[in-house]
Amino acid sequence: MGKIGIFDSGFGGLTVLRAIMDMLPQYSYVYLGDNSRAPYGDRSFDVVHEYTLECTEWLFNHDCDLVILACNTASAKALRQIQQIDLPKRADSKRVLGVIRPTTEQIGHYTKTGHIGVVGTKGTIASNSYGIEIEHYFPDIQIHQEACPIWVHLVENELVGTPGSDYFVQYHLEHLFKANAPIDTLLLACTHYPLLYSSIEKFLPNNVRVISQGPLVAESLKQYLHRHSEFESRLSTKGGIEFYTTDSNEVFDLRGGRFFAEDIASQTIHL
Ligand code: DGL
């Protein structure tokens, strides 16, 4: 029976895994963090595609029938090519889903003013994936995007809450809000950013609601499996989770626990 693979360039996908496992604890999961090559945020389309495909295939070879790219950068830069070109050639019976569509399908329901702020990595923002997808589902909504290249590093290096980290959080939020658009919803379009929540909150104008993707992705997966019952019946319902990283498993266990809100015991793999 198949497992569900959750992939991220590093730790961020653990925030999505947490939400998915809280909602769908019956399935069996495999998490892979490509920590040795993270962050992906500034890398080219070709490189993000190459790394993401490699990790996806590793998860396929470790009993996963479905892989969720729990990374916005990989979803923005690699998902379409994997779904449309690689999968039909290499693994027709497997499925790969991203985090952008589940988010954009829902995000329009959160705003009253019709103005949404989107923060993400350089790669995610430059791809304009959120612009394109939100326009598709909610054509009347205006989005205001801000690339925050350093935020992933603040999280990965455990600097959250320090004055240096707060400086860069404030810097990007001020930039996003400087045009005085009536933004009432801030979408964290990077799976690392929920870890910066306490800092983000400090520098946000009043009445702006912060949305993390985990619960949206979990709900969308639940609905996907409901709609595709034949595929769902191929999945193991024995529960359980295995963690793998391409870098030190000791570091992964130490840092990953904060993202997953639970202790982790991972294994190092070499791709
Ligand atoms: N977690 C990734 C995302 O959601 C960002 C980390 C990276 O740049 O690799 O975009």
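Remark: for residue pairs 122/178; 77/202; 202/222; 89/238, the C-alpha separation exceeds 24 Å in 77/202; 202/222; 89/238. Does the range 35-158 classify as rounded, prolate or oblate by the C-alpha gyration tensor (a ≥ b ≥ c root eigenvalues; a/c under 1.5 gives rounded; else a/b over b/c gives prolate, otherwise oblate)? It comes out oblate by the Cα gyration axes.
Averaged per residue, the range 139-179 has 54 square angstrom of accessible surface, using a 1.4 angstrom probe with ligands and nucleic acids left out.
Pull up the cross-link candidates among the aspartates and glutamates for residue 3, meaning alpha carbon to alpha carbon under 15 Å and not fewer than 8 places away within one chain. Qualifying aspartates and glutamates at Cα under 15 Å: 57, 63, 65, 230, 232, 242. Suppose R0 equals 51 Å; then what is the FRET efficiency for residue 236 and residue 197 from their Cβ-Cβ distance, rounded to the nearest 0.05? About 0.95, to the nearest 0.05. Note on residue 142 and residue 253: the extension gain reaches 36.0 nm, defined as 0.36 nm multiplied by sequence separation minus the Cα-Cα distance. Based on DSSP H segments of at least four residues, each scored -39500 (n - 2.57), the chain has a per-residue ellipticity at 222 nm of -12500 deg cm²/dmol. Rounded to the nearest 10 square angstrom, residue 178 shows an accessible area of 130 square angstrom against a 1.4 Å probe.
Charge dipole (Cα centre; +1 on Lys/Arg Cβ, -1 on Asp/Glu Cβ; no other charges) of the chain amounts to roughly 440 debye. Among the aspartates and glutamates, which fall within straight-line cross-link reach of residue 112, defined as a Cα-Cα distance under 14 Å, with same-chain neighbours fewer than 8 residues apart omitted? Cα-Cα hits under 14 Å: 140, 184.
Oblate is the label for the range 114-271, because a/c, from the alpha-carbon gyration tensor with a ≥ b ≥ c as root eigenvalues, is 1.5 or above and a/b does not exceed b/c.
Taking the Cα atoms of the chain, the ratio Rg/Rh between the radius of gyration and the Kirkwood radius comes to 0.95. Here r is the Cβ-Cβ distance between residue 115 and residue 167 and R0 is 35 Å; the resulting FRET efficiency, rounded to 0.05, is 0.85. Shown for the chain: the carbon plus sulfur share of the solvent-accessible area, taken with all protein chains present and a 1.4 angstrom probe, equals 48%.
The values are calculated or read from the model by the stated rules, or taken from the named source; none is laboratory data. Just so it is clear, the model here is predicted, and its values are computed rather than measured. Don't worry about glycine lacking a Cβ; one is built from the backbone with ideal geometry, like all the others, and counts go over all protein chains shown. Heads up: the accessible areas ignore ligands, DNA and RNA and are worked out on the full protein's heavy atoms, side chains in. Shrake-Rupley method; radii C 1.70, N 1.55, O 1.52, S 1.80 Å.
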